[in-house]
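Enquirer: Sending over a structure as structure tokens; questions will come in a sec.
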Amino acid sequence: ARDDKPFAVMVADLEQARRLCRLTPAAEAELASARRPIVLAPRLADAAVAGGVAPGLPELGLMLPYTPLHHLLMATVRRPLVMTSGNLSDEPIAHDDTDALERLGPLVDAVLTHDRPIHIRCDDSVVRALTSPPPGASGQQDDTETVSFRGPEVGETQMVRRSRGYAPEPIALPVPTSRQLLTVGAELKNTVAVVKGATLVASHHIGDLEHLPAYRSFLQAVGHLSHLAGVEPDLVAHDLHPEYLSTKFAMELDLPSLAVQHHHAHIVSCLVEHRRTEPVLGVAFDGLGMGTDGTLWGGELLVADLTGYRRVGHLRSVALPGGNQAVREPWRMALVWAAAALGEEVAERYGEQVDERWPAVLALSRHANTPVTSSAGRLFDAVAALLGLRSRVSYEAQAAIELEACAAGVPLSHCTGYELAVTRGADGLVLDPSPILGRVLAERDAGDPPPLISARFHDGLGRGVAVAAAELAGEAGLDTVALSGGVFQNARLTSVVRRELEDSGLAVLVHRRVPPNDGGISIGQAGVAAAANPA
């Protein structure tokens, strides 16, 4: 039940991997390491892999054998195998024989059991190999005849899902704490963590808590991790959102609690990874997180350190008609942004093309009780829908992922032209993408190819964000910018923002070993709680 969600491919060795993907030395090192993650890497044009393995995407997730059973399988079949965890989509892995036979038995030809029970389920880790832009991109040629550029550098990797092989490896906090902490993470891509002294232990990937089996796995992980690390929590840190199941769980514990704003946790997770305590200008771009003003944030610029933050800028806020339904149906955000940027007449013309419910959705966007959001993730959804790439999604961030994939073959040197409007508001700079969206629609209607429009969108937004971040960093007397949030899994956007910031003389912190997405929230919460209770 995965629909369009990509699968992983297991290969016997690096030689087989090289026949499927373009691999950097760093990607090969990750593949062959004892940790054995899934490594996302650019697929070769002639890779002998069915289109349904990773539909519409330019990357494949490769992995090498990591159990004796895998080695026996690969030695027998002598070719790559499509692999997936033993679970229905969005459910935890079935790790008990009875559960596997009941849930998966009707779907598979055979179930192989073992006489040694599995104690804790654990998903594969996922690492993305970050490579240079395509030939013709801006930059100088170096001695290896690859394109040299900044952000991400050739050969870098980024953690997407920190699980088997990495968790529960301890992480050193930049400040020790006098308390024993439990941090319960976010609602999506949930992880939990415990802290004693300056040592943080984060759990494996648990998943999305809106599914009951995942919530049961969450409860198991809290008890298991506390026991494993010898922690008896005397304080629990949680997200600010009152409706997250992790928040409700924390509030039901008989412990002092600390609410941590979602995007502050994102930036602190980056600071923890880099063992930094001094303030930075944080850019936190993601899907949604509860803000202190009651709106849903997601495109935030913060002056932040471990002890606190202040909001100094954000993307323009627009309606989120239907709440979570607007996440599942990106055409709703396209309709709202078309109305906000270009007027309701333009929105109506678009609505007539995509869904008969558009009048009701447009009316809902005007309603006083409709939530509003500054989400960068929803902006990417809107552009993907406007370009006809994806009006409905079957997995989280599908539209944004496909928008980045659409631009994959366009050189950076072809991408200038779009401009982000920046104004001064009551709560800092307001970054308004309306001019960018105007260009997107105009060039779409003029027949420009979607890959070129997508590339220009990435460039225009990235340059505008970097200019605003540099201005705010200067005002605050800061010399470092930290990039976090799930949107910064987008390598192209990260490339543009980082390059522009470094060209202006600023240092840039990006994620490498802690996920920029919500899988890192529990780590950020731990950093905030430790700093609030120093040893």
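Enquirer: Can you list the lysines whose alpha carbon is less than 26 Å from that of residue 5, not counting same-chain residues fewer than 8 positions off?
Expert: Leaving aside lysines fewer than 8 places away in the same chain, those within reach of residue 5 are 189.
Enquirer: What do you get for Rg/Rh of the stretch 308-389 when both radii come from the Cα atoms and Rh is the Kirkwood radius?
Expert: 0.99
Enquirer: Here's a follow-up. Report, in whole Å, the centroid distance computed from the Cα atoms of the stretch 334-355 and the stretch 22-50.
Expert: When both Cα centres are located, 41 Å separates them.
Enquirer: Further question on the same structure: With a 1.4 Å probe and all protein chains left in place, how much accessible area per residue does the chain have, in Å²?
Expert: 40 Å²
Enquirer: Using a 7 Å offset from the Cα along the Cα-to-Cβ direction at both residue 83 and residue 416, what is the distance between the two label points in nm, to one decimal?
Expert: Result: 4.6 nm between the two label points.
Enquirer: From the backbone phi of the stretch 371-385, what are the Karplus-calculated ³J(HN,Hα) couplings (6.51 cos²θ - 1.76 cosθ + 1.60, θ = phi - 60°) in whole Hz, Gly and Pro given as x?
Expert: Going residue by residue, I get x, 10, 9, 9, 5, 6, x, 6, 5, 4, 4, 4, 5, 4, 5 Hz, with x marking Gly and Pro.
Enquirer: Can you pull the three principal axis extents for the Cα set of the stretch 441-485, in Å, largest first?
Expert: 45, 19, 12
Enquirer: A further question on this structure: How much of the DSSP beta bridge set in the stretch 378-535 is antiparallel, as a percent to the nearest 5?
Expert: Once the DSSP bridges in the stretch 378-535 are tallied, antiparallel ones form about 60 percent.
Enquirer: Mind jotting down a quarter of the surface of the convex hull over the alpha carbons of the stretch 347-418, in square nanometres, one decimal?
Expert: Averaging across all directions leaves 6.4 nm² for the Cα convex hull.
Enquirer: Multiplying the sequence separation of residue 113 and residue 67 by 0.36 nm and subtracting their Cα-Cα distance, what value in nm do you get?
Expert: Working it through step by step, the gained length comes to 15.1 nm.
Enquirer: Taking a quarter of the surface of the Cα convex hull of the stretch 1-104, what do you get in nm²?
Expert: 7.2 nm²
Enquirer: Here is a follow-up. What is the stretch 443-527 by shape, rounded, prolate or oblate, if you read a ≥ b ≥ c off the alpha carbon gyration tensor as root eigenvalues and call it rounded for a/c under 1.5, prolate for a/b larger than b/c, and oblate otherwise?
Expert: Oblate.
Enquirer: Could you sort the peptides 4-13, 491-500, 47-56, 424-433 by per-residue average Cβ neighbour count (10 Å cutoff), highest mean leading?
Expert: Listed from highest to lowest mean packing, they are 491-500, 4-13, 424-433, 47-56.
Enquirer: Here's something else I'd like to know. Short version: ³J(HN,Hα) in whole Hz for each residue of the stretch 313-330, in order, from phi by Karplus 6.51 cos²θ - 1.76 cosθ + 1.60 (θ = phi - 60°), x for Gly and Pro, what are they?
Expert: x, 6, 5, 4, 8, 9, 5, 10, x, x, x, 4, 5, 5, 6, 6, 10, x
Enquirer: Gap in Å between the Cα centre of the stretch 84-119 and the Cα centre of the stretch 457-535?
Expert: 39 Å
Enquirer: Bin width 5 Å, origin at 0, all Cα-Cα pairs of the stretch 1-42: what percent of pairs per bin?
Expert: Computed distribution, short to long bins: 5, 21, 34, 21, 10, 8, 2.
Enquirer: With both partners inside the chain, how many of the DSSP beta bridges are antiparallel, as a percent to the nearest 5?
Expert: 65 percent
Enquirer: For residue 227 paired with residue 212, estimate the spin-label separation in nm (one decimal), with each label point 7 Å from Cα along the Cα-to-Cβ line.
Expert: Here the modelled spin labels are 2.4 nm apart.
Enquirer: Taking 1 over the mean of 1/r across every pair of different Cα atoms in the chain, what Kirkwood radius in Å do you get?
Expert: Value: 23.8 Å, from the Cα pair sum.
Enquirer: Amide H of residue 9: which non-local residues (sequence gap of 5 or more, or other chain) have their own amide H closer than 5 Å, using H built in the peptide plane?
Expert: 61, 62, 63, 83
Enquirer: Let me ask you something else. Averaging the inverse of every distinct alpha carbon separation and then flipping it gives the Kirkwood radius. What is it for the stretch 382-509, in angstrom units?
Expert: 15.4 Å
Enquirer: May I pose another question? Sticking to Cα atoms, compute the Rg of the stretch 331-450 to one decimal and its Dmax as the biggest Cα-Cα distance, whole number, in Å.
Expert: In Å, with Rg to one decimal and Dmax whole: 14.7, 44.
Enquirer: Sticking with this one: Charges only on Cβ, +1 for Lys and Arg, -1 for Asp and Glu: so what's the dipole of the stretch 268-386 about the Cα centre, in debye to the nearest 20?
Expert: 260 debye
Enquirer: For the stretch 218-262, what are the per-bin percents of Cα-Cα distances with bins 5 Å wide, up to the bin holding the maximum?
Expert: Computed distribution, short to long bins: 5, 22, 27, 27, 15, 3.
Enquirer: Volume per residue, Å³, of the convex hull around the alpha-carbon atoms of the stretch 259-349?
Expert: Per-residue hull volume (Cα only) is 111 Å³.
Enquirer: Please name which of 407, 14, 497 has its Cα lying farthest along the dipole of the chain towards the positive end, using unit charges on Cβ (Lys, Arg +1; Asp, Glu -1) and the Cα centre as origin.
Expert: Going by the charge dipole, the pick is 14.
Enquirer: Quantify, in whole percent, the carbon and sulfur part of the accessible surface of the chain (1.4 Å probe; protein heavy atoms only).
Expert: It is 53 percent, rounded to a whole number.
Enquirer: With 5 Å bins from zero, work out the P(r) of the stretch 291-336 over every alpha carbon pair and list the percent per bin.
Expert: 5, 18, 24, 20, 13, 10, 8, 2
Enquirer: Please state the charge dipole magnitude for the chain, taken about the Cα centre, from unit charges on C-beta atoms (+1 on K and R, -1 on D and E), reported in debye and rounded to the nearest 20.
Expert: 540 debye
Enquirer: Would you please classify the overall shape of the stretch 249-312 from the alpha carbon gyration tensor, given that a ≥ b ≥ c denote the square roots of the eigenvalues, rounded means a/c under 1.5, and beyond that prolate means a/b larger than b/c while oblate covers the rest?
Expert: oblate
Enquirer: Got a sec? Charge dipole of the chain, +1 on Cβ for Lys and Arg, -1 for Asp and Glu; which of 294, 213, 308 is way out at the positive end?
Expert: 213
The values are calculated or read from the model by the stated rules, or taken from the named source; none is laboratory data. Predicted model, so just to flag it, every value in this text is computed and none were measured. Virtual Cβ from ideal backbone geometry, glycine too; neighbours counted across all protein chains shown. Note: accessible area is taken over every heavy atom of the protein model, side chains too, but ligands, DNA and RNA are not part of it. Shrake-Rupley method; radii C 1.70, N 1.55, O 1.52, S 1.80 Å.
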